[in-house]
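The values are calculated or read from the model by the stated rules, or taken from the named source; none is laboratory data. Quick caveat, the model's predicted, so the values are computed rather than measured. Cβ coordinates were reconstructed from backbone atoms using ideal geometry, including for glycine residues, and neighbour counts include every protein chain displayed. Calculation scope for accessible area: heavy atoms of the full protein, side chains included, ligands and nucleic acids excluded. Shrake-Rupley method; radii C 1.70, N 1.55, O 1.52, S 1.80 Å.
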Amino acid sequence: MNAHEPGRCGVGWLARGEGHLPAGDGWLAPEEARRAAGMRFAKRRTEFLVARWTAKEAMGRLFPAPPYELEVRHHPSGAPEAYRAGAPLPVGVSLTDRAGWAVCLLGLEPGAVGCDLELVEPRSPAFVADYFTPAEREVIGADPLRANLLWSAKESALKVLRTGLRRDTRSVEVTLGCGPPSEGWTGLTVRAEEGRTFHGWWRRFGGFLLTVAADRPVPPPRALEEPPALAGAVPSHSWLAGPLA
């Protein structure tokens with residue numbers, strides 16, 4: 001990586017959709033190919049492939065290698081970790097997918113970053129009551145954008161904590177508008193009940209919301225391509241078209 005690429009001081013991201021998937025499976029590492037072949041349901045397999053292709057494209061821009069040598073493996077907690085040719089890479093990685101699209105976030109050290117992609121869609125009053133703190137419910141009101149935004153920010157922070165949704169979502173609380181917007185991104189923080197604070201950003205791309213979180217203050221995430229593919233993304237579900245081949 002050079003000084004202008006995401007590393008210890010910043011984070012970068014890349015988005016890919018179902019339409020970007022290459023033909024065949026020669027781009028998969030052997031273990032990835034085995035996992036994909038064992039997936040019975042088209043939805044799960046498609047999500048897996050889109051996320052893995054997105055990760056390989058992102059990692060390849062920072063750590064050049066054939067796609068089959070770039071791999072996302074998992075920490076015992078389930079958190080993703082980046083590998084090249086079987087060796088761990090010195091960079092944090094987070095993956096998220098929603099409605100036919102995936103985002104890979106890279107930067108800092110392993111375990112230091114998280115991201116989440118959500119749709120702007122209705123959320124029921126029961127959902128808001130069950131998963132948000134009183135202060136967050138006051139911020140949300142009847143605004144579906146804020147309900148999805150705060151939910152996404154929680155997921156990003158829970159990925160840094162390496163717990164995911166195994167942890168009560170009310171044990172982390174989101175505060176929006178932390179600092180002035182920058183490069184289309186708006187700041188946020190997420191505070192865990194034990195005192196840790198995660199620093200993040202959010203941005204809307206059409207019908208999608210993207211949030212990122214880190215274990216320290218970071219500049220706005222830098223797209224690894226311009227314009228980012230997510231800017232023109234349309235939610236899709238190609239797996240609904242027919243049975244798994």
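Observations on the structure shown:
- Segment 161-175 - phi-based ³J(HN,Hα) in whole Hz, Karplus 6.51/-1.76/1.60, Gly and Pro as x: 6, 6, 10, x, 7, 5, 9, 4, 5, 7, 7, 10, 10, 9, 10
- Less than 5 angstrom separates the built amide H of VAL113 from those of VAL93, all sequence-distant by 5 or more or on a different chain.
- Using Cβ point charges alone (K and R +1, D and E -1), the dipole size of segment 1-128 about the Cα centre works out to roughly 260 debye.
- Listed residue (TYR83, LEU95, PHE48) projecting farthest to the positive dipole end of segment 10-117, Cβ model: PHE48
- 3J(HN,Hα) couplings calculated from phi for segment 190-195 with the Karplus curve 6.51 cos²θ - 1.76 cosθ + 1.60 (θ = phi - 60°) are, in sequence order, 10, 10, 7, 4, 7, x Hz; Gly and Pro show x.
- Anisotropy class of segment 1-128 from Cα gyration tensor, a/c 1.5 cut: oblate
- Here the sum of -39500 (n - 2.57) over DSSP H runs of 4 or more residues, divided by the residues of the chain, equals -7500 deg cm²/dmol at 222 nm, to the nearest 500.
- GLU194 accessible area, 1.4 Å probe, all protein chains in place, Å² to nearest 10: 100
- Take the Kirkwood radius over Cα pairs of the chain, plug it into Stokes-Einstein at 37 °C and 0.692 mPa s, and you get 179 µm²/s for translational diffusion.
- Separation between Cα centres of segment 18-86 and segment 145-177, rounded to whole Å: 25
- Contact order relative to length of the chain, as percent, for alpha carbon pairs under 8 angstrom and 6 or more apart: 22
- For the pair ARG191 and ALA36, the difference between a 0.36 nm per residue extended length and the Cα-Cα distance amounts to 52.2 nm.
- Summarising the amide proton neighbourhood of LEU108: residues at separation of 5 or more, or on other chains, whose placed amide H is nearer than 5 Å comprise GLY7, ARG8, CYS9, GLY10, GLY92.
- In plain terms, the chain from ARG137 to ARG44 could stretch by 30.3 nm, reckoned as 0.36 nm per residue minus the Cα-Cα distance.
- Heavy-atom accessible area order for TYR83, TYR68, TYR131, largest first, 1.4 Å probe: TYR68, TYR131, TYR83
- Under a 5 Å amide H cut-off, with hydrogens placed 1.01 Å from N, ARG98 pairs with nothing among residues at least 5 apart or on other chains.
- Relative contact order of segment 149-226, taken over Cα pairs closer than 8 Å and 6 or more residues apart, is 27 percent.
- Cα gyration tensor shape for segment 192-235, rounded if a/c is under 1.5, else prolate or oblate: oblate
- Taking only alpha carbon atoms, segment 128-245 gives an Rg to Rh ratio of 1.01, where Rh is the Kirkwood radius.
- Overall, the chain carries a charge dipole of about 340 debye about its Cα centre when +1 sits on the Cβ of Lys and Arg and -1 on the Cβ of Asp and Glu, all other atoms neutral.
- Here the Karplus relation 6.51 cos²θ - 1.76 cosθ + 1.60, evaluated at θ = phi - 60°, turns the backbone of segment 179-187 into coupling constants of x, x, x, 8, 6, x, 9, 10, x Hz, with x for every Gly and Pro.
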